[in-house]
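Colleague: Below is a structure I'd like to ask you about.
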Amino acid sequence: VFASDQYELLDFGEGRKLERFGAQIVDRPAPAATDAVRRRDMWSQATISFDRDERTQGKWSVAAEIDAPWTVHHDAVVFTLKPSPLGQVGLFAEQAENWDWIAARVRSAGRPLKVLNLFAYTGGSTLAAAAAGAEVTHVDAARSAIAWARRNAIASGMEDAPIHWIQEDAMKFVRRELKRGRQYDAVILDPPSFGRGPKGETWKLTEHLSELLSLCCALTEHTRCFVLLTCHSGELAFGEALLEFLRTSQPELRRHGSLSGQDLWLVSRAGGRVHCGAAVRWCKCDVGNSHNAGEREAARSIR
Ligand SMILES: C[S@@+](CC[C@H](N)C(=O)[O-])C[C@H]1O[C@@H](n2cnc3c(N)ncnc32)[C@H](O)[C@@H]1O
C-alpha cells in the first residue's frame, strides 16, 4: 500500500490521529479515534496541528518551517501536500489500497480502458488509473481541487497523459454524457455526504446516491469492466451496509459480475486500526476482486 517512509499512522486516540506524510508530522482531529488512549510521548513530534473551534472551520498551527507544498509518492503518483482550510492535506491515505486495485484492473483489462472518476478531489484514483494506461475523465465541482489534481499530474510527470479535467456537478455531467451517447469502461466514485456543484447544485449522499449509481450503470452498460464506490459518512461508511445498498439498489451489478465490500482502515505502527469508511468493488471477473483475509493481512503488514 504506502511505503512507510511516505505515509505512516504513528498513533491515534482521544479523537485525534498523528500521521507522518513524508517530511511532515500532522496532528489533527479523527472522530473515529475517540475511544483509544494516546501514547503521550509521540505527539510532541508534530510539525503541524489542526484544531477545530466553534466560530471558524478550524485553524492550523505550524511548529516548524514548512517548505510548502511538500510531496509524498505512491508508486508513480506524486502528491503535492499543503494544509487546507478544512483540516486536510490533499491525500486520504486509506485510499491507497483502492489505487492499487484500480491499477491492477486497468493493467489486466487487455485493452485501453476509458475510466470516469467522479468527486475526484486531488486525483489519486485518476493518476493511478492513468499511470496504468487508462484514459481518464476527472470530474470535480471545485476549481481548486481540479487545479490541485493537475499539479499532482505535473509532479508525477503525467502532464501529457490522456486525462480530461472537468469542473462540473457529478450528476449533471453523468446525465449529459448519457444524452450524448457516451460510454465508459469503468467508474470510480468517492462522494461526500454533502456537496455543491459549481452552480450551486446540491449533492446529498442519502438522497442522490442511488440515482447516480443507476446512471453510472447505464453509462457503462456495454463494456463495464469495474466500478469502485467509497463512502465515509453515516450508515454507508460500513462495508456490509454499503454492499447491501449496492446489491438492493443496483440489481444489475449483482447479476453480471463479482461484488465485494470492505471497511477501510488506517493501521498504526503498533497494529491499531482507525476506521475510515467503506469501499465496494464491482469487477467483471472474480480474479483480483477479493478482499480476502490474506490480501488484507498483506496490506496491513506493508503499512
Ligand atoms: C473526494 S470527496 C470527499 C471524500 C472524502 N474522503 C470524505 O471523507 O468525505 C470530496 C470531493 O467531492 C467534490 N464534490 C462535492 N460536491 C460535488 C458535486 N456536486 N459534484 C462534483 N464534485 C463534488 C469536492 O469538491 C471534493 O473534491
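Any read-out appearing in this document is the output of simple, stated calculations on the displayed coordinates, not a laboratory observation. A quick note: this is a predicted structure, and the numbers were derived from the prediction, not measured. Cβ atoms come from the backbone with ideal geometry, glycine included; neighbour counts cover every protein chain shown.
Colleague: Relative contact order, percent, of the chain when contacts are C-alpha pairs under 8 Å separated by at least 6 residues?
Modeller: Once normalised by length, the contact order is 14 percent.
Colleague: So what is the 222 nm mean residue ellipticity for the chain from helices alone, if each DSSP H run of at least 4 adds -39500 (n - 2.57) and you divide by all residues, rounding to the nearest 500 deg cm²/dmol?
Modeller: -8500 deg cm²/dmol
Colleague: Stokes-Einstein diffusion coefficient for the chain at 25 °C in a medium of 0.890 mPa s, Rh from the Kirkwood formula over Cα pairs: what value in µm²/s?
Modeller: 124
Colleague: Debye sum, Cα scatterers, region 218-292, no solvent: what log₁₀ I/I(0) at q = 0.15, 0.17, 0.26 1/Å?
Modeller: Rounded to two decimals, the profile gives -0.53, -0.66, -1.19.
Colleague: When the chain is fully extended, how far beyond the present Cα-Cα distance does Ser193 get from Arg175, taking 0.36 nm per residue of separation?
Modeller: Extra length from Ser193 to Arg175 when fully extended: 4.5 nm.
Colleague: Evaluate the relative contact order of region 55-180 (contact order divided by residue number), counting alpha-carbon pairs under 8 angstrom at least 6 apart; express in whole percent.
Modeller: 21
Colleague: Here's a follow-up. For region 61-114, just run the numbers: alpha carbon Rg, then divide by 2.2 N^0.38 Å, N being how many residues it has.
Modeller: Dividing the Cα Rg of region 61-114 by 2.2 N^0.38 Å gives 1.53.
Colleague: Could you pull out the trypsin sites (Lys or Arg not before Pro) across region 1-68 that fall in loop regions by DSSP (anything but H, G, I, E, B) with no more than 10 other Cβ atoms inside 10 Å?
Modeller: Of the trypsin sites (Lys or Arg not before Pro), the ones in loops of region 1-68 whose Cβ has at most 10 other Cβ atoms within 10 Å are Arg55.
Colleague: Using 10 Å bins from zero, what percent of all Cα-Cα pairs in region 169-281 falls into each bin?
Modeller: Percent of pairs per bin, in order: 13, 43, 32, 10, 2, 0.
Colleague: Give me the compactness ratio for region 41-92, meaning the Cα radius of gyration over 2.2 N^0.38 Å.
Modeller: That ratio works out to 1.29.
Colleague: Another question, then. Kirkwood Rh and Cα-based Rg: tell me the resulting Rg over Rh for region 83-138, rounded to two decimals.
Modeller: 1.03
Colleague: Suppose every Lys and Arg Cβ carries +1 and every Asp and Glu Cβ carries -1, with no other charges. What dipole size does region 10-76 come out with about its Cα centre, to the nearest 20 debye?
Modeller: The calculated dipole for region 10-76 is roughly 160 debye.
Colleague: Here is a follow-up. When the scattering of region 49-188 is computed by the Debye formula from its Cα atoms alone, each counted once and equally, what is log10 I(q)/I(0) at q = 0.10, 0.13, 0.22 Å⁻¹?
Modeller: Computed log10 I(q)/I(0) values: -0.37, -0.60, -1.36.
Colleague: Here's something else I'd like to know. Along the Cα→Cβ direction, 7 angstrom out, place labels at Glu240 and Asp75. What is the inter-label distance in nm?
Modeller: Calculated label separation equals 3.1 nm.
Colleague: Once the principal axes of the Cα atoms of region 121-232 are found, what is the range along each, listed largest first in whole angstroms?
Modeller: Computed over region 121-232, the largest-to-smallest principal extents equal 38, 32, 27 Å.
Colleague: If I take all pairs of Cα atoms in region 1-93, what percentage of them are more than 20 Å from each other?
Modeller: 35
Colleague: Explain nothing, just the number: dipole magnitude of region 79-223 about its Cα centre with +1 on each Lys and Arg Cβ and -1 on each Asp and Glu Cβ, in debye rounded to the nearest 20.
Modeller: Charge dipole of region 79-223: 400 debye, to the nearest 20.
Colleague: Right, something else. Mean 1/r over all different Cα pairs, inverted: what Kirkwood radius does region 1-52 give, in Å?
Modeller: Hydrodynamic radius (Kirkwood, Cα pairs) of region 1-52 is 11.1 Å.
Colleague: What order do you get for Leu81, Leu9 when you list them from fewest to most C-beta neighbours inside 10 Å? Display every interim value, and only then the final one.
Modeller: Numbers: Leu81 23, Leu9 26.
By the 10 Å Cβ count, ascending: Leu81, Leu9.
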